[in-house]
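The structure appears below as structure tokens.
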Amino acid sequence: MLAMEATMTLGLARPSSDDPFDMLRTFRAQRKRITAVIRRLEMDWPCSAEIQCRLAEYITDAFTAPPAKGRGGPIPLLHRVLDRGFDAYNAALLQSDDQRFLAFTDAAFSEVGRVLAGVTVTDRDNRTWAPSRGAPLLIWLGSGGNQVERCTLQSGDRTQTSAAITSAVAGFALTQAHREILMEIRHGG
């Protein structure tokens, strides 16, 4: 376990699956109460299912963190990130479809950046994964049978900032068409 903030501890284990869809099925099975919110987002924005899958591939469900609302034991960071995104989407219910989609992506991506700022993962061969580099953790873990030795917080590492990680996650999770849509929404289009 890695101490992150005064109230947050980040853990790391093997992902539950090599398949991001399996990770998302687990999340959905545990979140029956928000099924309507998930369906509404996916009906409004079918591409959001692909974005969720890409998020699962990027951060996996290997990282654990306290729940965003502070109740209960550690949960997969993927679940916390999706909870934040769906909460933001639902909170924007009275806004346009476009604004709700923007709320979902901004909240999910920024949560990854906020929680993983300064974090690196090192395998037994001393190869490092850093969330701001744009490479998904699932692929890194799968290459060469990586066995994770440690997860460290590099507080002086300016490349692992929240903003850099948020940008890297968005760069991986969004296609060019998604980025153009979100840019248009941000600029009132």
What are the residues in the stretch 29-41 that are surrounded by 15 or more Cβ atoms within 10 Å (Cβ to Cβ) and charged (D, E, K, R), if any?
Arg31, Arg40
Per-region count, the stretch 170-189, residues open to solvent by 90 Å² or more (accessible area, probe 1.4 Å) and either over 17 Å from Gln99 (Cα atoms) or of a type in the set (Ser, Thr, Tyr) (or both)
1
Selection within the stretch 1-23 - open to solvent by 40 Å² or more (accessible area, probe 1.4 Å), at pLDDT 50 or above and part of a loop (DSSP other than H, G, I, E, B):
Ala13, Arg14, Ser16, Asp18, Asp19
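Somewhere in the stretch 99-106, is a residue touching a residue at least 60 places away in the same chain (Cβ under 8 Å), within 27 Å of Glu184 (Cα to Cα) and of a type in the set (Ser, Thr, Tyr)?
The answer is yes; a qualifying residue exists.
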Which members of the stretch 84-93 meet the condition of being among the hydrophobic types (A, V, I, L, M, F, W, C), at pLDDT 95 or above and more than 25 Å from Ser17 (Cα to Cα)?
Ala88, Ala91, Ala92
Is it true that some residue in the stretch 64-83 is buried (at least 19 other Cβ atoms within 10 Å of the Cβ), at pLDDT 95 or above and either touching a Cys at 6+ places or on another chain (Cβ under 6 Å) or of a type in the set (S, T, N, Q) (or both)?
no
Enumerate the pairs (first residue in the stretch 57-78 and in contact (Cβ under 8 Å) with a residue 12 or more places away in the chain and of a type in the set (D, E, K, R); second residue anywhere and surrounded by fewer than 16 Cβ atoms within 10 Å (Cβ to Cβ) and not in a helix (DSSP H, G or I)) with beta-carbon separation below 6 Å, excluding pairs fewer than 6 apart on the same chain, so at least 6 apart or on different chains.
Asp61/Ser16
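The values are calculated or read from the model by the stated rules, or taken from the named source; none is laboratory data. Predicted model only: the values in this text are computed from it and were never measured. Note that each Cβ is placed from the backbone with ideal geometry, even for glycine, and that neighbours are counted across all protein chains shown. These accessible areas exclude ligands, DNA and RNA; they are computed on the full protein's heavy atoms, side chains included. Shrake-Rupley method; radii C 1.70, N 1.55, O 1.52, S 1.80 Å.
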